[in-house]
Amino acid sequence: MRKIVILLLAAVCTQSVNSQSVPSIVGAGKTVDPYKYSIVKKAEFSKAAVSCAHPLASEIGAAMMKKGGNAFDASIAMQLALAVVYPGAGNIGGGGFLLARKSNGELIGIDYREAAPSKASRDMYLDKNGNVQMALSQTGHLASGIPGTIAGLFATLDYAKLPFKQLIQPAIDLAEKGFVISEREAAGLNSTRESFIKYSTRPTAFVKENKWKAGDTLVQKELAATLKRVQKEGAKGFYEGETAKLIVEEMQRGNGIITLDDLKDYTAKLRSPLEFDYRGHHIISFAPPSSGGVLIAQMLKMIEKYPVGSYGFQTVKSVQLMIEAERRAYADRAEHMGDPDFYNVPVKTLIDETYLAKRMSDYTPDKAGSSTSVKAGVIKESEETTHISIMDEDGNMVSVTYTLNGGYGSRTVVGGAGFILNNEMDDFSVKPGAPNMYGAVGGEANSIQPGKRMLSSMVPTLILKNNKPYVVVGTPGGTTIPTSVYQAIVNIIDFSMNADDAINKPKFHHQWLPDEVMVEKDFDADVKKQLQAMGYKISERAAIGRTEAIRILPNGKRETAADKRGDDSVAGY
Ligand code: GLY
């Protein structure tokens, strides 16, 4: 493995007291040591590169490509590894989107978003007075949609080169023999302890008698057994047989509604990616049931006629313009977006240049807009998720965002199967106008129906320059996902930033409702004051997104960056 530059070694997790022999997680090129690993925040690689939320998963992805696999192989092995080492969002009990461009130019969109169970109904989270019972859509058994991740991995396997048995083995080893957890993971597990106990009907590996601390080893035997069933039986090892039985028994113990038929009938779907141009670059992104592709197309097209680059990075002028584009796009999200198999999402109109110019016609520089006067356009439509960016030797680009929704999902761990179920039902509009956990509102387009996929903000994205691979990017962050990706793209294209700066500079977010701008703590204080003077309400928050980006340099090197906001780490060769 030849790393050209490693600029920053951010942290090292070690377990020096562990008496077990160090298991070899992957063989070729480099042994990945689950008891001693480093976080690498940025590097340039000559051939293949990955970036994701955990260094062990990144190393496993790179090793799979080194062993002869491609970016699709890496994405499968990394999602399975993250399901073990990053239980807050890595998963087999959730769902996601994979977007890829093969080296021959073929585009692939795989939708493995969770679906509403057959017994779900429009008002299932309302009490008899019509009030929203938020706890039910956000925690416990009723909060889960039918998981899609395993179906998504097998749909991806069509494009991969290595046998599935090999791709899943590192995850099995990590679950069975354990790995050392970081301080951040220990804090996450400790703060979720009471919820795991409350919402799981059987003891779980995530709950420890005493508090977790950095350096402890997390062993997940039940999860290892589930992964072995998938290794042996394929997707049926999850959607049928023992695992399906364990899921349904868990549902029955906790008043959930997912049935054996729901699991058996679940399929991943191929979706045509959404494509548009921005300042001479070709952007490829995810179509509904993601709202994200439409949102970034709308926001970028709304600002394209303004010379944003000349305004300067995060000057009050560029930030205000970008906020007002965000406000207008998110108003459309609330009204017009949902699962296209159930609701006619007017994608073409929403990203039409004339429509978008009209949306910006009331934009007033130096004065805050208002979400009371800006409504959706009239058309005759803990934020834990996680992202993987991959670029292989052949030039295949893969961008995957997958999720349990909130951190550690519903907090229901399937008894005997060892994995956490999602709380994705909260991404539906449980009642028109009622905010979900991200404060997002929605209506008919995103109402609950059996089999329907809840609207997502996840937006794995690719950028081509001169029709050649240029950037692979994406992020977690609930409704802040599209604004994070939008700002990363503007940082690269308008402000000529490298991948590291593009994802790590402070961010801001406006989502129409609530009518306020959220900014990260390190956002420029003067710009904040000037925006307040214009009439913007500003609130501060700790972090917006955890973005992973790979940018291809003119010399072909893969400039690879992992977000500073977590244990995110890059790998490659
Ligand atoms: N659950 C986060 C999203 O899909 O937007």
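A short reminder: the numbers here are calculations on the coordinates, not readings from a lab. Worth saying up front: this structure is predicted, and the values here are computed from it rather than measured. Cβ atoms come from the backbone with ideal geometry, glycine included; neighbour counts cover every protein chain shown.
Using the alpha-carbon centroid of each, what span in Å lies between the range 207-272 and the range 390-467?
18 Å
For I503, what charge total do you get from the other residues with a beta carbon under 11 Å from its beta carbon, if Lys and Arg give +1 and Asp and Glu give -1?
So the environment of I503 carries a net charge of +3.
Against the empirical 2.2 N^0.38 Å scaling, what ratio does the C-alpha Rg of the range 509-571 come to?
1.53
Sorting V517, V398, V485 on the 10 Å Cβ count, fewest up front, what's the list?
Sorted ascending by nearby Cβ count, the order is V517, V398, V485.
Any chance you could list the semi-axes, whole Å, largest first, of the equivalent ellipsoid that the Cα gyration tensor gives for the range 140-187, using √(5λ)?
Its equivalent ellipsoid spans semi-axes of 25, 21, 9 Å.
Show me the three semi-axes of the equivalent ellipsoid for the range 386-505, from the C-alpha gyration tensor (sqrt of 5 times each eigenvalue), largest first, rounded to whole Å.
Semi-axes from the Cα gyration tensor: 31, 19, 13 Å.
Under 15 Å from a label point 7 Å along Cα→Cβ of K468: give me every residue in the range 90-129 with its amide N that close.
103-105
For the chain, report the convex hull volume of the alpha-carbon atoms normalised per residue, in Å³, without decimals.
Taking the convex hull of the Cα positions in the chain, it is 135 Å³ per residue.
Please give the length that would be gained between V219 and K305 if that part of the chain were fully extended, namely 0.36 nm times their separation in residues minus their C-alpha to C-alpha distance (nm, one decimal).
25.6 nm
In a shell of Cβ-Cβ distance under 9 Å around D563, excluding D563 itself, what net charge do Lys and Arg (+1) and Asp and Glu (-1) give?
+2
Quick one: what are the phi-derived ³J(HN,Hα) couplings along the range 407-415, Karplus 6.51/-1.76/1.60 with θ = phi - 60°, whole Hz, x for glycine and proline?
x, 6, x, 6, 6, 8, 9, 5, x
Report for the chain the percent antiparallel among DSSP-assigned beta bridges with both residues inside it, nearest 5.
95 percent
Determine ³J(HN,Hα), in whole Hz, for all residues of the range 149-162 in sequence, where each value follows from phi through the Karplus function 6.51 cos²θ - 1.76 cosθ + 1.60 and θ = phi - 60°; x replaces Gly and Pro.
Karplus-based 3J(HN,Hα) across the range 149-162 equals 4, 5, 4, x, 5, 6, 5, 5, 4, 4, 9, 8, 10, 8 Hz.
Would you please give the residues with an amide H less than 5 Å from that of S456, counting only those at least 5 places away or on a separate chain, with H modeled from the backbone geometry?
HN-HN under 5 Å from S456: S290, S291.
Using only helices, what value at 222 nm comes out for the chain when you add -39,500 (n - 2.57) per DSSP H run of length 4 or more and divide by the total residues, to the nearest 500 deg cm²/dmol?
Calculated mean residue ellipticity at 222 nm is -9500 deg cm²/dmol.
More than 27 angstrom separation, counting every C-alpha pair in the range 153-288; what % is that?
Percentage above 27 Å: 43.
Quick one: the Cα spread of the range 69-182 along its three principal axes, in angstroms, biggest first?
Cα extents, longest axis first: 56, 39, 23 Å.
For labels at K228 and D522 in the simple 7 Å Cα→Cβ model, what's the distance in nm?
Going from the K228 label point to the D522 one covers 4.5 nm.
What is the Cα coordinate range of the range 468-555 on the first, second and third principal axes, sorted by size from largest, in whole angstrom?
Cα spread of the range 468-555 along its principal axes, largest to smallest: 46, 26, 19 Å.
Hey, what do the phi angles of the range 218-232 turn into as Karplus ³J(HN,Hα) couplings, whole Hz, using 6.51/-1.76/1.60 and θ = phi - 60°, x for Gly and Pro?
Per residue, the Karplus-derived 3J(HN,Hα) values read 9, 10, 10, 5, 5, 5, 4, 5, 5, 5, 5, 5, 5, 4, 7 Hz.
If you rank I284, I110 by fewest surrounding Cβ atoms within 10 Å, what's the result?
I284, I110
In terms of Cα to Cα distance under 19 Å, which aspartates and glutamates are near enough to K232, apart from those fewer than 8 places away along the same chain?
D73, D158, D173, E176, E222, E240, E242
Quick one: in the range 300-385, what % of C-alpha pairs are over 15 Å apart?
Distances greater than 15 Å cover 61 percent of the Cα pairs.
Gap in Å between the Cα centre of the range 301-380 and the Cα centre of the range 39-115?
That distance is 32 Å.
Distances over 25 Å make up what percent of all Cα-Cα pairs in the range 224-354?
Summing the P(r) of the range 224-354 above 25 Å gives 51 percent of all pairs.
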